Every structure is written in C-alpha cells, then in structure tokens.
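The values are calculated or read from the model by the stated rules, or taken from the named source; none is laboratory data. Here the structure is a predicted model, which is why all the values come from computation and not from measurement. When we count neighbours, we look across all protein chains shown, and the Cβ atoms used for this are built from the backbone with ideal geometry, even at glycine. Side chains are part of the model used for accessible areas, which takes the heavy atoms of the whole protein and leaves out ligands, DNA and RNA. Shrake-Rupley method; radii C 1.70, N 1.55, O 1.52, S 1.80 Å.
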Amino acid sequence: MRLPTFKGGIHPPDSKGYAKDEIIKVIFPEAGTHLVYPMSQHIGAPCEPIVAKGDRVLMGQKIGEAKGFVSSPVHASVSGTVVDVEPRLAPIGAPSLSVVVENDGKMEELPGLNKHTDYKTLPRDIMIEMIKEAGIVGQGGAGFPTHVKLSPPPDKKIDYFILNAAECEPYLTTDYRVLLEETDIILRGVRMILHLFPDAMGIIAIESNKPDAIKLVTEKCTDPRIKIVTLETKYPQGSEKQLIYACTGREVMSGTLPADAGCIVNNVDTVIAIERSIRRGRPIMRRVVTVSGKAVARPGNYKVRIGMKFADLINAVGGFKEEPYRLIAGGPMMGVAMYTLDVPIAKTSGAILCLTKDECEVKPEKNCIRCARCVEICPSMLIPLELNANVVNREYDKFKKNNGVDCIECGSCSYVCPAKRHLAQSIRYIRRQILAKKI
C-alpha cells in the first residue's frame, strides 16, 4: 500500500548521513564575543529596539518590541552589554537594524524565568499572549509569528493540528534528532496546542526515512486525539500545502490559508518553543542547527544561542577540513547562498551547509528543450517554463495570470531541468517583488 503524499515532487539524494546519527550537542558562545540580534527575524513588521548602547541586558530580557499584530519580539540569549544598535548583515543577505550585545559569559537570567505553569489551568487568550511574548515564530524557515497562526478568525473551524516532522530538505537532521531526544516535550507541546483547539485532532507527520523516530513517537504517544502518519519520502513533503494534502486530502486553494482548509501546521522546534514558553515561561533564545557538508570538520546537530555568529559556530565545531565551494544558510533546495559567515544565527536558521565543488557546482544555463519535466513535478501545479519566460520577457501581468504567486519556491523545477534553467531563482525574485507590491 502506497504511503500518503502529494502530487508531483522529486527524490533528490537526502545526504542526511553526515549528521543524522550525531546527538545534539550544546554550544555556548564564548565570553567577549558579540551576539547580533536582527529586529526582523520574522514575517511582518520589524521590532523596535527598546535598549540602547551601554545598557546591560540579562538572558531572556526583551530587547526588541513587536510593532503590529503580525510581528514578534526579540530577546537577549545571553547576559552582557549592548555595544551597538545599528544595521548589520542578516542571514537573508541584507542589512537589518540589530542590537549587538557583548557576552559577559555569566549567562545571568532575567528574574522570573522557569516559573512552572500547568497549561490546563490557563485560558486560551493567556496562552496565546504567552506565546506572543516569548517571540515564537515558525522555525521551519518562513518565520511567520506563531501567535498569529494560532489565532484564526472565529469563522474558521480548525479540525486538524499537524506537527510537521517531515524534514524533507536534504542534509537537514535537526527535527529527526529532536524527535528522538525530546519526544516527551514534543508530545506535551502538541497537547498544549490541542488544548487551544478542543475540537481538533492532532497529526504528527513523519517521512518514512525516519523509522526509528516513527517507532519511538508511536510507542510514547498514548493520546487518542493524536495520530502518527507515516508519509512517503519525497521533496517537498514538508511544504505546508503539500503536507496538508498528504495528511488530510484537503487542498489549500489559491489565495487562501491553511486555516481555510481547517488546518494549522507547526514545525517540530516551534512546538518545543511553545512548550517551553507555556510550561517554563522561557522566550525563544536558542535553536538546533544542522552543520553539514563535506567541507566541515565535524558535521552534527548543535543547540546554539540565537544571535551567535555562524563563524563562531563553525570554529566551535572544528572549522573547515577544506575550503568550501559554497556556504548555504538552510537546505540546498530553499536555502540562501552566503558570501560570509559574519552573520548571526536567527530564529529561522535551521542549518549551515559547507559544500565542496562536487556537491553543488552550478552548470551554465542552456535553451529550454520543452521537455515539460518541470511541469510534471511542480507540486503547485504550475508551468515553470512559462513563468520563467514571463520573467525573462518582463511580462509581469502574464506572470500573475499564470498564478506565479502560488509558487512555493521549492526549487524542484530547477533540480530536474536538463537545460539547467534558473527557473526557481527567476520565479522567486519576481514573486517576492509582486508580494512586496513593487511590481
């Protein structure tokens, strides 16, 4: 019997062997190092700094205040002194107003953290406010403020909460390790979210290439409201719309949100952050990052402080064993190529890939041969070759008419193209220009 999945998609080599068997190791930034906190680590309005140069801050202290409903505050992940409030390069490749803190090495916490709370005694609005104040955003990469996602309009009935544990991107193994090492916390986090939606069922969706994680979670999950769903291993299985279809058979139509299909989806580390914020009153200050690729000395999964620079993380894990040909923040399919490691780890930073030339050499573009492979595998049922032509010819009205904004930027079309057309790159650029209303 075939496992649940979506239409289209590809099967790239998963390349997870470098790090999947490495247990999560904790790395603290060294005293004297600077941690950089961009005020925009999420979709929506940037934060406003509420500290100034010379201020001493404590671990867990709010240093950036959310402005607007679709926004998320930022907290210090170490104790130390604010040395600058200025634009700094962020992982997205552009400068962002940032608070820079010199770590004093004391890790002195803000008083009041670790106050244990029973979520079953909390009303819904208080739980949502706690999640908002903790600065939690989607840690699968998009960075959508979680309190907004968990606050659908009253007319949207939520039937399913889906825990996205697919982790379909090659190389990435953080969700897999967390499933094995923090199973109880994950299950408690799922129950907390189901407490917010008492009429919903919970689904934990895991790809079939993680059999030990599936076995462990199934053994430990005794809640009848939570079902474990084993999915076919296929990229981009973890994309929100595709995951919803695979798990429920429901389609998220063009121009609508998952809540319109009665579903809410959260990433594994996001649910852990929710559990920590509700049960222990802790804001998001750390995340698990996969460091992988042939060029790095010690591939693995590392729990690090948000704001710590990628360069400091790489040095802490032994540096490079050879000069990397390409550095990528995130996975190879949807990540961002980097020209420097002098950028901070943000809430959405799931991986840093240090790849050699044989792992990622990009071949020159050739003329489209009209083979339609990109059409066959597109998970959004688009025609990438036509969208690419619209971009090249600057036919932006046709791009919109051809539903280019429905692209999920997964990169599958570029991967299968025998002419090596830069399909995803061209579509991504114009799509984001349209969404930003610049076109």
Criterion violated by Cys371 - all others in (1) in contact (Cβ under 8 Å) with a residue 40 or more places away in the chain; (2) in contact with a Leu (Cβ under 6 Å, 6 or more places away or on another chain); (3) farther than 21 Å from Ile43 by Cα satisfied: (2)
Is it the case, given these coordinates, that Ala337 is in contact with a strand residue (DSSP E or B) (Cβ under 9 Å, 6 or more places away or on another chain), open to solvent by 50 Å² or more (accessible area, probe 1.4 Å) and either closer than 29 Å to Tyr18 by Cα or assigned to a helix (DSSP H, G or I) (or both)? yes
So Val392 ticks every box in (1) in contact with a Lys or Arg (Cβ under 9 Å, 6 or more places away or on another chain); (2) at pLDDT below 95 but one. Which box is left unticked? (1)
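Yes/no matrix, rows are residues, columns are (1) touching a helix residue (DSSP H, G or I) at 6+ places or on another chain (Cβ under 9 Å); (2) hydroxyl-bearing (Ser, Thr, Tyr):
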{"residue": "Thr340", "(1), (2)": "yes, yes"}
{"residue": "Ile352", "(1), (2)": "yes, no"}
{"residue": "Thr356", "(1), (2)": "no, yes"}
{"residue": "Asn393", "(1), (2)": "no, no"}
{"residue": "Asp397", "(1), (2)": "yes, no"}
Among the listed residues Glu359, Glu365, Glu386, identify the single one that is surrounded by 15 or more Cβ atoms within 10 Å (Cβ to Cβ), modelled with pLDDT under 95 and either of a type in the set (Val, Ile, Thr) or not in a strand (DSSP E or B) (or both). Glu359
Which one is surrounded by the most Cβ atoms within 10 Å (Cβ to Cβ), of the residues in region 340-355 that are assigned to a loop (DSSP other than H, G, I, E, B) and aliphatic (A, V, I, L, M)? Ile345
Does Glu65 satisfy the condition of being under 21 Å from Ser277 (Cα atoms), more than 27 Å from the chain's Cα centre (by Cα) and at pLDDT 95 or above? no
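So, Glu219, is that one farther than 20 Å from Asp199 by Cα and within 22 Å of the chain's Cα centre (by Cα) or not? Before the answer, list the steps.
Working: farther than 20 Å from Asp199 by Cα: yes; within 22 Å of the chain's Cα centre (by Cα): no.
The answer is no for Glu219.
Results for (1) open to solvent by less than 40 Å² (accessible area, probe 1.4 Å); (2) farther than 25 Å from Gly138 by Cα; (3) not in a loop (DSSP other than H, G, I, E, B), shown as yes or no for each residue.
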{"site": "Lys67", "(1), (2), (3)": "no, no, no"}
{"site": "Val82", "(1), (2), (3)": "yes, yes, yes"}
{"site": "Glu86", "(1), (2), (3)": "no, yes, yes"}
{"site": "Pro91", "(1), (2), (3)": "yes, no, no"}
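Out of the residues in region 1-22 that are in contact with a Gly (Cβ under 8 Å, 6 or more places away or on another chain) and in a loop (DSSP other than H, G, I, E, B), which is most open to solvent (accessible area, probe 1.4 Å)? Give the derivation first.
Going through region 1-22, the residues in contact with a Gly (Cβ under 8 Å, 6 or more places away or on another chain) turn out to be 18-19, 22.
Cutting the leftovers down to in a loop (DSSP other than H, G, I, E, B) gives us 19, 22.
Working: Ala19: 1, Glu22: 69 Å².
Looking at residues that are in contact with a Gly (Cβ under 8 Å, 6 or more places away or on another chain) and in a loop (DSSP other than H, G, I, E, B), I get Glu22.
Do we find a residue being open to solvent by less than 70 Å² (accessible area, probe 1.4 Å), part of a helix (DSSP H, G or I) and farther than 21 Å from Ser254 by Cβ anywhere in region 393-411?
Within region 393-411, none of the residues are open to solvent by less than 70 Å² (accessible area, probe 1.4 Å), part of a helix (DSSP H, G or I) and farther than 21 Å from Ser254 by Cβ.
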Which count do you get for residues in region 303-334 that are crowded, with 16+ Cβ neighbours inside 10 Å and assigned to a loop (DSSP other than H, G, I, E, B)? 11
